[in-house]
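Rule-based calculations on the coordinates, nothing more; no lab input. As the structure is a prediction and not an experimental result, all values here were calculated from the model. Here the Cβ is made from the backbone with ideal geometry for all residues, glycine too, and neighbour counts use every protein chain on show.
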Amino acid sequence: MAQHVCSLKFDAERDGGPLSVAPGDDYHLVPFPYGSAESYDPDNMHAETRDGTRHPFPSDRASGLIWPGHQAWGRLYAMIQWETASGGAATELRDQFARDPLGKIDTTCTEHRRATPGMQCFAKSWAIFVSPDVPLGLRVAHNASRSLDVVLAEFKIEYEA
């Protein structure tokens, strides 16, 4: 069996500024850059062009998807850094993994966390069955009175097939 890995990274300093997330109950799919900006994607699970259609980062929501190459038991990982807490800050920060986040969404590993003083840094991992027919995404939300910025995010998958 071969090990398959896709490791994506969004860095506001490198990738054109922070990801502004509006407040409310709606989750927002985190976009990730393509190509040389990625940490690692030898199996092309995060392709800018899929089925003949280009999905530019960050304007196309599909830039937030990983498409597993096989059916397998997979392990998902994420790291999210929100801006430093300040006026109008959230009392709750939310994140989750989602199967088919642009279609018939199925969420898993949803976490709601209290905000703490300073920068909000969180890491998570979860294991699920993955399939080439079902893309995966990392989604975030918060309950602040204003938009908050994600300044760094990573989304990774690994599985054996």
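Okay, here's what the table says:
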read-out	value
Label zone at Ser145 (point 7 Å along Cα-to-Cβ), backbone N below 12 Å, the stretch 52-95	87-91
Efficiency of FRET between Glu92 and Ala123 - r from beta-carbon atoms, R0 22 angstrom, step 0.05	0.80
The stretch 1-53 pair-distance distribution - Cα-Cα, 5 Å bins, rounded %	4, 16, 21, 20, 18, 13, 6, 2, 1
Pairwise FRET efficiency - Ala2 versus His112, Cβ, R0 = 35 Å, nearest 0.05	0.45
Loop-resident sites, the stretch 1-64, for trypsin sites (Lys or Arg not before Pro), counting at most 11 other Cβ within 10 Å (DSSP)	Arg14
Per-q log10 I(q)/I(0), the chain, q = 0.13 Å⁻¹ (Debye; single scatterer per alpha-carbon; no solvent)	-0.58
Extension gain (nm, one decimal) between Asp100 and Gln71, 0.36 nm per residue minus Cα-Cα	9.0 nm
Cα-based reach from Lys9 at 12 Å (exclusive), listing aspartates and glutamates while leaving out same-chain residues under 8 positions away	Glu38, Asp41, Glu154
Charge dipole (the chain, unit charges on Cβ, about Cα centre) - positive-most of Ile80, Val134, Ala144	Ala144
Net charge dipole size for the chain [Lys, Arg +1 and Asp, Glu -1 on Cβ; Debye, nearest 20]	300 debye
